[in-house]
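Remarks on the structure that follows.
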Amino acid sequence: MANVRPYLLPRRSQLDQLGDARRQALAAWASDWAPLPAYQISVQPACALAGLSADWRSYRLSKGDIAGLQLPANLPRLLEQWLFRLEGHDAGSEPQRSAPLAVPVVQQAQSALISALLGEVAEPSEDAGALTLLCRPGSGASLLTLTVANQPLRVLLPACQLAAARQVSPTLLPPLAPLRSALARQPVNLTVELGSTALTLGALQTLALGDVLTLPLPLGQALQVLAPGHVPLCQAQLGAAQGHYAVELFKGSTP
């Protein structure tokens with residue numbers, strides 16, 4: 001006897017339930033990370049998708065099913081703007097001081113957003129062929145499109161997600177850290193710049209142990225404390241504390 005796969009077609013009520021469940025998940029994400037700009041969610045059978053481009057990523061859900069995501073290439077920049085209120089700044093012509101510090105926070109926020117869209121924490125998968133099967137008529141899969149800031153985020157969800165949407169449980173979503181807590185845990189490397197000097201190539205070749213290099217910096221002059229990206233943070237005075245070199249901060253930099 002042939003093994004015939006059942007023909008599944010999502011009902012409109014099921015698609016609406018799935019959309020409502022994802023709206024709740026996005027509201028929880030916005031509460032923990034940052035308010036989202038006005039957005040729209042539409043859900044339809046996955047067979048409405050004409051084809052899959054190369055930028056689709058596959059994810060393996062907890063029960064082994066495969067889901068897919070198509071994210072805009074500029075999503076990390078959009079997340080940085082939403083998280084740090086940089087919507088009015090041009091990243092190309094006006095680099096922000098927060099950029100070197102924001103990367104790990106943006107990565108955490110994007111992972112949490114992906115979990116909210118998928119309905120659970122999922123691992124990346126290389127099974128791209130399974131996404132093609134989701135687009136076949138009768139697969140029971142759904143295509144969810146989140147449009148925010150004129151950018152579409154598309155999600156292919158297997159039929160099992162329709163049943164899961166009937167009872168949305170907070171335990172399906174990962175614990176999200178509030179933005180302040182996430183920032184507070186990020187290590188930041190600071191550099192104290194003592195000074196620099198220039199030598200000719202000939203002088204460099206004759207350097208030996210015991211030689212003294214004179215820096216063009218008078219004794220007692222303030223040192224620069226630099227944040228990542230060589231951004232001036234403040235000025236400091238060199239000293240010692242508890243048997244270690246130390247600096248005393250005394251003057252902030254001009255923004």
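The values are calculated or read from the model by the stated rules, or taken from the named source; none is laboratory data. The shown structure was predicted, so the numbers you read here are calculated from the model rather than taken from an experiment. Cβ coordinates were reconstructed from backbone atoms using ideal geometry, including for glycine residues, and neighbour counts include every protein chain displayed.
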Inset, instruction - Give the residues of segment 220-233 that are surrounded by 12 or more Cβ atoms within 10 Å (Cβ to Cβ) and over 42 Å from the mean Cα position of the chain (by Cα), sorted by residue number. - result: none
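Filter segment 19-49 for residues that are of a type in the set (A, V, I, L, M) and over 15 Å from SER139 (Cβ atoms) and give the result.
Going through segment 19-49, the residues of a type in the set (A, V, I, L, M) turn out to be 21, 25-28, 30, 34, 36, 38, 41, 43, 46, 48-49.
Across segment 19-49, the qualifying residues are ALA21, ALA25, LEU26, ALA27, ALA28, ALA30, ALA34, LEU36, ALA38, ILE41.
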Inset, instruction - For segment 129-148, enumerate the residues that are out of contact with any strand residue (DSSP E or B) (no Cβ under 7 Å at 6 or more places or on another chain) and closer than 20 Å to ALA54 by Cβ. - result: GLY129, THR132, CYS135, ARG136
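Right, SER58: modelled with pLDDT under 90 and hydroxyl-bearing (Ser, Thr, Tyr) or not?
Numbers: modelled with pLDDT under 90: no; hydroxyl-bearing (Ser, Thr, Tyr): yes.
In short, no.
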Legend entry - segment 210-222 residues that are more than 11 Å from LEU194 (Cβ to Cβ), paired with ones that are modelled with pLDDT under 85 and not β-branched (Val, Ile, Thr) (beta carbon under 8 Å, 6 or more apart): PRO216/GLY195; ALA222/PHE250; ALA222/LYS251
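Residue by residue, here is whether (1) touching a Cys at 6+ places or on another chain (Cβ under 6 Å); (2) closer than 29 Å to ALA38 by Cβ; (3) free of Cβ contacts under 8 Å to residues at least 24 places away in the same chain holds:
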site: ALA102; (1), (2), (3): no, yes, yes
site: VAL106; (1), (2), (3): no, yes, no
site: SER115; (1), (2), (3): no, yes, no
site: GLU120; (1), (2), (3): no, yes, no
site: PRO124; (1), (2), (3): no, no, no
site: ASP127; (1), (2), (3): no, no, no
site: GLY138; (1), (2), (3): no, no, no
site: ALA141; (1), (2), (3): no, yes, no
site: LEU144; (1), (2), (3): no, yes, no
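Here is a list: LEU217, LEU209. Which entry is surrounded by 12 or more Cβ atoms within 10 Å (Cβ to Cβ) and outside any strand (DSSP E or B)?
On the way: LEU209 fails: surrounded by 12 or more Cβ atoms within 10 Å (Cβ to Cβ).
Of LEU217, LEU209, the one residue that is surrounded by 12 or more Cβ atoms within 10 Å (Cβ to Cβ) and outside any strand (DSSP E or B) is LEU217.
So, restricting to strands (runs of 3 or more DSSP E) that lie completely within segment 1-83, which ones have at least 2 residues that are surrounded by fewer than 18 Cβ atoms within 10 Å (Cβ to Cβ) and in contact with a Ser or Thr (Cβ under 6 Å, 6 or more places away or on another chain)?
Details: elements: 39-45, 56-60, 66-70.
Of the strands (runs of 3 or more DSSP E) lying wholly inside segment 1-83, those with at least 2 residues that are surrounded by fewer than 18 Cβ atoms within 10 Å (Cβ to Cβ) and in contact with a Ser or Thr (Cβ under 6 Å, 6 or more places away or on another chain) span 39-45.
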